[in-house]
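Since the structure comes first, as structure tokens, the remarks are kept for the end.
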Amino acid sequence: MTETPNADTPTTDSAVPAAPAAPDAPDAPNATAAPDAPTVSVVGPGEGETVLLGTTRMRILEDGTTTGHRLGIAESVIAPHTPGPPQHRHAGHDEGFYIVSGSVRFTVGDEEHDAVAGTLVVVPPGAPHTFANVRDEPAVMLSTFTPDPYVRYFRELRDLHADSGAVTPEAQLRLMRRYATEPAGAPAPGPS
């Protein structure tokens with residue numbers, strides 16, 4: 001006699017693996033996140049780490065902690081008539097600059113570009129560049145660093161200002177070199 005399974009009775013077939021149990025729905029009372037699940041970072045207005053660099057206020061929005069150090073993000077508010085850093089180039093990271101408000105003048109080699117709100121400037125490793133706010137109103141820009149180590153440069157530059165007041169060009173150059181950055185006229189730096 002051949003037994004026919006009841007439609008209400010589960011059957012198993014040794015050739016077909018059993019389907020895994022469905023995970024609890026996210027709103028189920030016993031649901032928990034996997035221990036190695038990625039963490040989402042949400043930084044609200046006024047949150048983040050503030051770094052004051054002369055007349056520029058930088059707010060670090062992502063220091064690489066959430067991104068496995070692949071990406072750093074900062075917002076900078078640049079006061080009117082603020083000169084930028086000496087023209088320089090990086091060997092170890094790309095930089096992106098998105099102008100949120102105002103206007104920022106980028107100098108790339110001998111070329112000048114006035115970037116207004118809504119403009120994105122991407123600087124690959126090795127490209128000489130600097131920026132300044134030459135206008136009468138503040139400018140706000142969002143900067144990305146890929147990978148993220150250059151975020152630490154700004155923290156160290158802030159600390160250098162706090163420790164010694166006026167930072168000498170030699171001290172700033174030593175700090176830049178620790179992050180594979182050189183003045184534009186110097187030989188290209190090696191990767192960090």
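The values are calculated or read from the model by the stated rules, or taken from the named source; none is laboratory data. Worth saying up front: this structure is predicted, and the values here are computed from it rather than measured. Reconstructed Cβ throughout: ideal geometry from the backbone, glycine too, with neighbour counts over all protein chains shown. Calculation scope for accessible area: heavy atoms of the full protein, side chains included, ligands and nucleic acids excluded. Shrake-Rupley method; radii C 1.70, N 1.55, O 1.52, S 1.80 Å.
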Worksheet item: Is it the case that SER14 is surrounded by 11 or more Cβ atoms within 10 Å (Cβ to Cβ) and modelled with pLDDT under 95?
Response: no
Worksheet item: For the subset of segment 126-148 comprising residues that are within 21 Å of ALA91 (Cα to Cα) and without any contact (Cβ under 8 Å) to a residue 60 or more places away in the chain, which member is surrounded by the most Cβ atoms within 10 Å (Cβ to Cβ)?
Response: PHE131
Worksheet, complete the sentence: In segment 161-192, anything hydrophobic (A, V, I, L, M, F, W, C) and modelled with pLDDT under 85 is listed as ALA162, ALA166, VAL167, ALA186, ALA188
Worksheet item: Quick one: GLY54 ticks every box in (1) touching a Pro at 6+ places or on another chain (Cβ under 7 Å); (2) loosely packed, with under 14 Cβ neighbours inside 10 Å bar one, so which box is it?
Response: (1)
Discussion item. Is it the case, given these coordinates, that ARG158 is in a loop (DSSP other than H, G, I, E, B), buried (at least 16 other Cβ atoms within 10 Å of the Cβ) and either out of contact with any Lys or Arg (no Cβ under 6 Å at 6 or more places or on another chain) or touching a residue at least 60 places away in the same chain (Cβ under 8 Å) (or both)?
Written reply: no
Item to complete: Determine if segment 96-103 includes at least one residue that is touching a residue at least 40 places away in the same chain (Cβ under 8 Å), in a strand (DSSP E or B) and open to solvent by 30 Å² or more (accessible area, probe 1.4 Å).
Response: yes
Worksheet item: What is the number of the single condition among (1) at negative phi; (2) within 15 Å of the chain's Cα centre (by Cα); (3) not polar (S, T, N, Q) that GLY68 does not meet?
Response: (1)
Worksheet entry | Test set (1) farther than 16 Å from THR56 by Cβ; (2) in contact (Cβ under 8 Å) with a residue 12 or more places away in the chain; (3) surrounded by 14 or more Cβ atoms within 10 Å (Cβ to Cβ) - ALA171 fails condition number | (2)
